[in-house]
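Take a look at the structure below.
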Protein chains: 2
Amino acid sequence: MDELRRLSLNQATIPSWSLPEAADGCAKAGLGWIGVWRDRLAEVGIAAATRSIRDAGIGVSSLLRGGFFDASESTARRRHMDGNRRAVEEAAALQAKTLVLVCGPAAGRDLEGARAYIAEAIAELRDFAAPCGVALGIEPMHPVYCADRSAVVTLRQALALAAPHPQAEVGVVIDAYHVWWDPDLRAEVAAARGRIQGYHVCDWLVPPPDHLNGRGMMGDGVIDLRGLRRMVDEAGYDGPIEAEIFNPTVWALAGNEALDLVCRRYLEHVVA
Amino acid sequence: MDELRRLSLNQATIPSWSLPEAADGCAKAGLGWIGVWRDRLAEVGIAAATRSIRDAGIGVSSLLRGGFFDASESTARRRHMDGNRRAVEEAAALQAKTLVLVCGPAAGRDLEGARAYIAEAIAELRDFAAPCGVALGIEPMHPVYCADRSAVVTLRQALALAAPHPQAEVGVVIDAYHVWWDPDLRAEVAAARGRIQGYHVCDWLVPPPDHLNGRGMMGDGVIDLRGLRRMVDEAGYDGPIEAEIFNPTVWALAGNEALDLVCRRYLEHVVA
């Protein structure tokens, strides 16, 4: 089905599949894209990964994840930056549309200081990524993760971090789960025009069953996914829509069953 | 100790105490205020409650809670509004500084619609509360509660809801737990000048141990409580600071022990 060509399977949704298995599964189901995790890439190596993705005839919507600019002292910061440069090289090899940046929490209680360093670190990484042809995608995370994952918590804030850089080099990744609550969402998505490097979907379950792995299958929660998809489209984004669902119930399904469910829910709740 | 006069004990922090016990406990510990919950008020009745609070020589910093403007149809909306009017009458009887409004989530997926009704409902309730001399305090809640407690999730949004009304009649209640993550917090707190009806403290634990009852004792988490208290002070707020801590570990302590701990942590992490 043609509408599925825009769908991307984020590997975290079906962790039972290796990268080649996931690429093959996507191709058979008619998906056009895959979101690749670095640890699953490392399992098979760049050469085998690139080959399996090419053989599947799909593209890489994103490489997960760079960032984690949360070290408080310079030695650890340099070590993290080395890791980020390797992530850029992997993204270049995979021709990923973006390297997703999860920016990291504050190391202590100094949120403003942490946010200032994140801006510096993005600029430093961009100087390495741009010549490699790799776009950095800043992913604002839900404020529930402010203390343990990302001091960048709103789309407005992510856009302000991207603003000093050329559009093609630093943009934002919008994930429905992370931004749906934002009272200024409509204006912020419109303001993201030209900066949207990726769009991720899953659903917000009520109440949230788990801090990290409680994300819902599309349609099982309260997010107006169709409305948000329209906003993103109206902001000029026509790239892949990536299903990223951390959920043990989905993980317990056989890979093909899980992907079939993702496709049906995507068509029903995101596209229709 | 004089510095404790500004501290208020929110009853939810020590649920083992009845309202008269809590009022007495506050007085003995040197606190100047108490935050009263409606269900605990109902247990003893207005007359006994008023007497115990007067005998303790303390004031009521807030009555918890009104709001819950989350019904989707008019019959339920009228019933909720009746309940809110009773809450206003109780706040008037207690001479509470504010009636805290938890505005409720969206009934379905229409967040914008829910937010529009919240604005209408606040205006309606204000028409009843103002002649009673009761100030309404809109409490923005952490976005993690957007689906099950409050569609009002930022201080900016709460201030916009209050803006059409006179300062003394509709304001905001700032809770450190709900707002600490906000990248625009400093500007928003400054913009709240004249509208701050209350300031609540507890801490954000990492990772959050529980959706509803995982709030931390001051000093056990990552919030810069001293910095935030300074912001609130600089915005001209000189009213009570209320310790509201939903946490089973605190609840397991004997009342006096829990209050002693609250006082020590307040002096160490909020005031000093």
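The values are calculated or read from the model by the stated rules, or taken from the named source; none is laboratory data. Everything numeric in this text was worked out from a predicted model, so none of it was measured. No Cβ is skipped: glycine too gets one built from the backbone with ideal geometry, and neighbour counts run over all protein chains shown. Heads up: the accessible areas ignore ligands, DNA and RNA and are worked out on the full protein's heavy atoms, side chains in. Shrake-Rupley method; radii C 1.70, N 1.55, O 1.52, S 1.80 Å.
Things to note:
- A:A130 vs. criteria open to solvent by 10 Å² or more (accessible area, probe 1.4 Å), small (G, A, S), modelled with pLDDT of 95 or more and assigned to a loop (DSSP other than H, G, I, E, B): no
- Matching residues in the stretch B:210-257 - criterion: being within 27 Å of B:A192 (Cα to Cα), more than 14 Å from chain A (Cβ to nearest Cβ) and surrounded by fewer than 17 Cβ atoms within 10 Å (Cβ to Cβ): B:D233, B:E234, B:G236, B:D238
- If only residues of the stretch B:72-93 that are among the hydrophobic types (A, V, I, L, M, F, W, C) and under 17 Å from B:P131 (Cα atoms) are counted, the one that is farthest from the other protein chains (Cβ to nearest Cβ) is B:A93.
- Considering the stretch B:195-208, the residues that are of a type outside the set (A, V, I, L, M) and more than 9 Å from chain A (Cβ to nearest Cβ) include one that is nearest to A:H211 (Cα to Cα), namely B:D203.
- Every residue from the stretch A:1-49 that is of a type in the set (S, T, Y) and surrounded by 23 or more Cβ atoms within 10 Å (Cβ to Cβ): A:S8, A:T13
- Selected residue (criterion: nearest to A:W204 (Cα to Cα)) from residues of the stretch A:145-161 that are hydrophobic (A, V, I, L, M, F, W, C) and open to solvent by 10 Å² or more (accessible area, probe 1.4 Å): A:A147
- Restricting the stretch A:192-207 to residues that are within 27 Å of A:W251 (Cα to Cα) and open to solvent by 30 Å² or more (accessible area, probe 1.4 Å), the residue that is nearest to the chain's Cα centre (by Cα) is A:L205.
- Hits in the stretch A:162-188 (condition: in contact with a Lys or Arg (Cβ under 9 Å, 6 or more places away or on another chain), open to solvent by 30 Å² or more (accessible area, probe 1.4 Å) and within 11 Å of chain B (Cβ to nearest Cβ)): A:P183, A:D184
- Single condition B:G137 does not satisfy, out of (1) outside any strand (DSSP E or B); (2) away from every other protein chain (no Cβ under 14 Å); (3) of a type outside the set (D, E): (1)
- Residue within the stretch A:116-124 that is free of Cβ contacts under 8 Å to residues at least 24 places away in the same chain and within 14 Å of chain B (Cβ to nearest Cβ) present: yes
- Taken over the stretch A:94-112, the criterion of being within 14 Å of chain B (Cβ to nearest Cβ), in a helix (DSSP H, G or I) and open to solvent by less than 30 Å² (accessible area, probe 1.4 Å) is satisfied by A:L111 alone.
- Hey, A:S52 over 14 Å from A:V262 (Cα atoms) and surrounded by 24 or more Cβ atoms within 10 Å (Cβ to Cβ) or not: no
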